[in-house]
Structures are given as C-alpha cells and as structure tokens.
Amino acid sequence: MEFHGAQITSMCEDKSWDKVRASRSGLSFSHVFFADDLMLFAKADYKNCEATTEVLDKFCSLVGQRVSTTKSKILFSPNVTSRRARGICRRLGIAATDNLRKYLGFPIIYQGRVGNAYNFVVNKIQNKLASWRSKLLSKAGKLVLVKSSTAPIAEYFIQCQSLPVKVFDQIDKITRDFLWGSTEEKRRLHLVRWDTMTLPKELGGLGLHNTKDRNNALLAKLCWRLACDQEAPWANMLVTKYLSPNRISEVGRKLPCSSIWMACKKGGPVYVKGIEIGCGEWGESEGLE
C-alpha cells in the first residue's frame, strides 16, 4: 500500500492527477488509506479517470489482485453534470452513489434530519442490553454491564460528534430502565434520582455519566487535540477552512459546516473554561498573577 501511495503521489507531481482541495487555501488530498480500505480523490474529468485506471491496473498486476467493482462506489460533486458522471462510471466500471453510508460506524454523509441519523446508536445500546436476561442479574451486575458494555458504545460515537439532545435523553432513559428493571410492559419505580446516580462514588453516586455532559467533555478533548496537533493533516484542514477571515466574520459563522467542526464549536467553550481554571490554579500555587 505504501508503494501504491507513492505511485499516486508521483502522478500528482507529474500533473497527471489533480487533487481535491478542502478549501481554496487549504490542503489538497489525493488518497486516504486505512487498513484494507482506499479512498481516492480527484477532479471529475476524463484525464483523472485515465490516471485512476492506470494506477489501479498497475497495482493489481503487481499484487495479483483485482478491484471489486461491486463493492466500490463513486461520489460526484453536485457541480458534475450527469452526462460526465455517466461517462466516468462507464469507463471505470463503478456505479455512482449519493450516500457512502458508514465508515468505522460513522455516517460519512448525513441525509435528512440530523436527529434521525443517530438512531442507530440508540438501537445498538438497546440490542446490547436486550441480549442479556436482566432478571438473572443483580443490581450490581447490571451496573457493571452498563459501565463495561453499553457506556463504551455511546462514548465511541460521541467522541467527535455532537449528538442531538433527544438522543442523549433516550440513551440515559435506556440505562435507567435497565438498572431498575423497567420495561414497556411493566414499569418500575426509580427509587433514586438520575442526578444522584451520576455523582462520583465518593459523593454517594454510582459513578455513571450523564451522556450529554460526557459528550461535552469528549468534545473539549477534541478541541485540545486540535490546538496541540495543528500540523496534522486533519487539524490543518479544519483550521485553514473554518478559521479563515471570511469564516470567522458574522456572515461566515452562519454558513454551513461539517459535523466535525460543529462538534469543535460545541466543545470549544468547555475547553477554554478548562484552560482558564487550570491556569488559575497553577498560577496561584506558583505565586504568579
């Protein structure tokens, strides 16, 4: 795969492959590798179509493999005409799509209402708990199951996404009902408030996390990574695209942005507040103003 990437880079240097820019003054991308998956980015014209075919054919002849055209898809920009899109698909033998579905569990493109895009997180947690017979578990066993199995499912998706409040409420409700044994057929009284259960054990709680507060904390961590690792391609792309002068103006702030940047904007105030508190405590302990 390193040799394959070097081939693509060489064609970009020879101007036979046109990269795709995330913004006018931002970084340009030609390919992204992860494990055995490959995403190619190129200008939608016949020159880049021929370059893509040449690179893939050369790679396949060297490794003795073939590209699975049925598992591959092409996503075109709305600016590409339908006639050109059909010609490129015919040349590459790959069908076009308007939805790349999920990658590593995350939807790549959100369609329809944003709230409905995260219903699969709630379904995953419900299916996880439904596979266990809650009647055979004690309250301590249910607590261990929630902390070790269901909580990581939610945290995986909220580490870089800002989920709607409706989804947070549904996740917390599922957790509460499972701990107290409530079902749709038979409701049980919750003897302890949820706010008390989410307190640390030292304060009389169970050490559970409110999903919304946990999301804010993880998004603040994302902002910390963005501030400390600005040389990384992903961070450089976001900073160049969304912190440009035309985007930080009053008009630019109202322009649509990606889900990752929306998550950064939500975690930003928590991150800044954490820095102020940390610097204040450090300065006081060191005798600094």
Margin query: What are the ³J(HN,Hα) couplings of the stretch 159-170, residue after residue, when phi is run through the Karplus curve with 6.51, -1.76, 1.60 and θ = phi - 60°? Round to Hz, x for glycine and proline.
Written below: 6, 9, 9, 9, 7, x, 4, 4, 5, 4, 4, 5
Notebook entry, point to check: Points 7 angstrom from Cα along the Cβ direction at ASN210 and ASN127: gap in nanometres?
Noted result: 3.0 nm
Notebook entry, point to check: In vacuo Debye scattering of the stretch 141-289, one point per C-alpha: log10 I(q)/I(0) at q = 0.14, 0.15 Å⁻¹?
Noted result: -0.85, -0.92
Next item on the list: Tell me the trypsin sites (Lys or Arg not before Pro) within the stretch 42-130 that lie in a loop according to DSSP and have at most 12 other beta-carbon atoms within 10 Å.
Entry: ARG66, LYS71, ARG101, ARG113
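Seen from all sides and averaged, what is the projected area of the convex hull of the Cα atoms in the stretch 2-98, in nm²? All intermediate terms of the calculation are to be shown ahead of the outcome.
Numbers: hull surface 26.6 nm².
Taking a quarter of the hull surface, the average projection is 6.6 nm².
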Check: Which whole-angstrom value gives the distance between the alpha carbon centres of the stretch 29-57 and the stretch 185-226?
Finding: 44 Å
Notebook entry, point to check: How big is the stretch 114-209 on each of its three principal axes, counting only the C-alpha atoms and giving the largest first in Å?
Noted result: 35, 33, 22
Item checked: Tail beyond 28 Å, pair distance distribution of the chain (Cα, percent) -> 55 percent
Margin query: Run through the stretch 180-266 and list the GluC sites (Glu not before Pro) located in a DSSP loop whose Cβ has at most 15 other Cβ atoms within 10 Å.
Written below: GLU184, GLU185, GLU231, GLU250
Next item on the list: Please turn the phi angles of the stretch 72-84 into ³J(HN,Hα) values with the Karplus equation 6.51 cos²θ - 1.76 cosθ + 1.60 (θ = phi - 60°), one per residue in order, whole Hz, x for glycine and proline.
Entry: 9, 9, 10, 10, 9, 5, x, 7, 7, 5, 5, 5, 5
Next item on the list: Mind scanning LYS139/LYS212; LYS147/LYS186; LYS71/LYS142; LYS15/LYS265; LYS186/LYS212 and naming the pairs with a C-alpha gap bigger than 30 Å?
Entry: LYS71/LYS142; LYS15/LYS265
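None of the figures in this text is laboratory data; all of them are computed from the coordinates on show. From a predicted model like this one, the values you see are computed outputs, not experimental measurements. Neighbour counts are summed over all protein chains in view; Cβ atoms, including those assigned to glycine, are modelled from backbone coordinates with ideal geometry.
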